[in-house]
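Participant: Provided herewith is a single structure, encoded as structure tokens, for subsequent inquiry.
What follows is calculated from the coordinates using simple rules that are stated; it is not laboratory data. Only a predicted model underlies this, so the values are computations on that prediction, with no experimental measurement involved. Positions of Cβ are generated from backbone atoms using ideal geometry, with glycine treated the same way; all protein chains shown enter the neighbour counts.
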Amino acid sequence: MEHDHHLIACHECDTLFRKPRLSGRATARCPRCGATLYRGVSGRLDSITALTVAALITFLIAQGFPIVELETNGITSQTSLFGALVALWDENMQIVAVIVFCATTLFPLTELVALLYILIPVRRGHVPPGFNRVLRAIQFVRPWGMIEVFMLGVLVTIVKMVSLARVMPEAALFAFGALTLMLAVVVTFDPRTLWDVVDDLRARPAPRRKQKAHPGQPGRAAVANRPASAPAPVTPRQG
Ligand SMILES: [Zn+2]
């Protein structure tokens with residue numbers, strides 16, 4: 001499927017534009033209807049990477065430390081969220097256990113690890129292998145990894161465990177609270193904007209490769225607001 005990276009259609013009025021490359025936090029708007037086409041993200045990449053790293057560390061604390069105290073046959077034992085889910089499974093609440101595992105562990109972990117896998121190389125200026133697939137995976141798990149679902153998952157576990165266990169208001173519980181806030185910020189980052197960043201990286205010649213001039217390639221500023229009714233000819237992409 002041939003895809004032209006130089007063009008973008010306004011989602012409000014369908015006007016086609018040549019795509020200007022944005023620096024920093026600039027925003028590209030449709031001059032016809034004023035809709036926001038897309039925003040520059042390079043300024044946000046650093047902060048979202050830092051937050052994702054922090055969220056991953058908090059995730060490990062939340063999952064690693066005990067969250068409930070189980071008492072079976074007079075023996076008390078402390079267990080993490082995963083242990084609590086195993087206990088739920090053993091109590092014939094398999095469906096709840098599986099759903100809560102997906103909402104509190106599988107989906108958030110997938111999103112955080114996949115984001116880091118993409119963000120760290122992209123910040124350094126190269127595209128990680130399998131970029132397209134990983135980005136699609138993030139977009140796939142995102143609706144399932146919603147904050148509400150995540151919070152509900154933790155709450156359901158706690159409510160279900162109350163009959164079996166005592167909830168410990170310690171490190172893990174606070175880490176889950178902090179993680180909820182962090183994930184709320186992480187999901188405000190639209191991973192689709194990374195397509196543009198990666199398009200830039202792919203378009204940029206590699207440092208050691210001979211720099212070839214692209215005579216047919218239009219300048220950046222000149223094409224910013226050109227409507228598609230008279231689109232400039234697009235240089236065929238090499239490779
Ligand atoms: Zn428009």
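Participant: Per q in 0.11, 0.18, 0.19, 0.26 1/Å, what log10 I(q)/I(0) does a Debye calculation on the alpha-carbon atoms of the range 57-142 return?
Facilitator: -0.45, -0.84, -0.89, -1.21
Participant: Each label point is 7 Å from the Cα along the Cα-to-Cβ direction; what then is the distance between the points at I99 and L201, in nm?
Facilitator: Spacing of the two 7 Å Cα→Cβ label points: 3.8 nm.
Participant: Amide H neighbours of L37 under 5 Å, at least 5 residues apart or on other chains, H built in the peptide plane: list them.
Facilitator: A28, R29, C30
Participant: Using a 7 Å offset from the Cα along the Cα-to-Cβ direction at both F174 and R133, what is the distance between the two label points in nm, to one decimal?
Facilitator: It is 4.1 nm.
Participant: At 0.36 nm per residue, minus the direct Cα-Cα distance, what do A9 and V167 gain on full extension? Give it in nm, one decimal, please. Don't skip to the end; give the middle numbers.
Facilitator: On the way: separation 158, 0.36 × 158 = 56.88 nm, distance 5.21 nm.
Going from the current span to full extension adds 51.7 nm.
Participant: Output wanted: per-residue J couplings in Hz (rounded whole) for the range 85-102, from phi through Karplus 6.51 cos²θ - 1.76 cosθ + 1.60, θ = phi - 60°, x for Gly and Pro.
Facilitator: In residue order, the calculated couplings are 5, 4, 5, 4, 4, 5, 8, 6, 10, 5, 5, 4, 4, 5, 4, 5, 4, 5 Hz.
Participant: So how far apart, in nm, are the two label points at L155 and E69 if each is 7 Å from Cα heading toward Cβ?
Facilitator: A separation of 2.5 nm, rounded to one decimal place.
Participant: Full extension from A54 to D190: what is 0.36 nm times the residue separation minus their Cα-Cα distance, to one decimal in nm?
Facilitator: Numbers: separation 136, 0.36 × 136 = 48.96 nm, distance 1.83 nm.
Full extension from A54 to D190 adds 47.1 nm.
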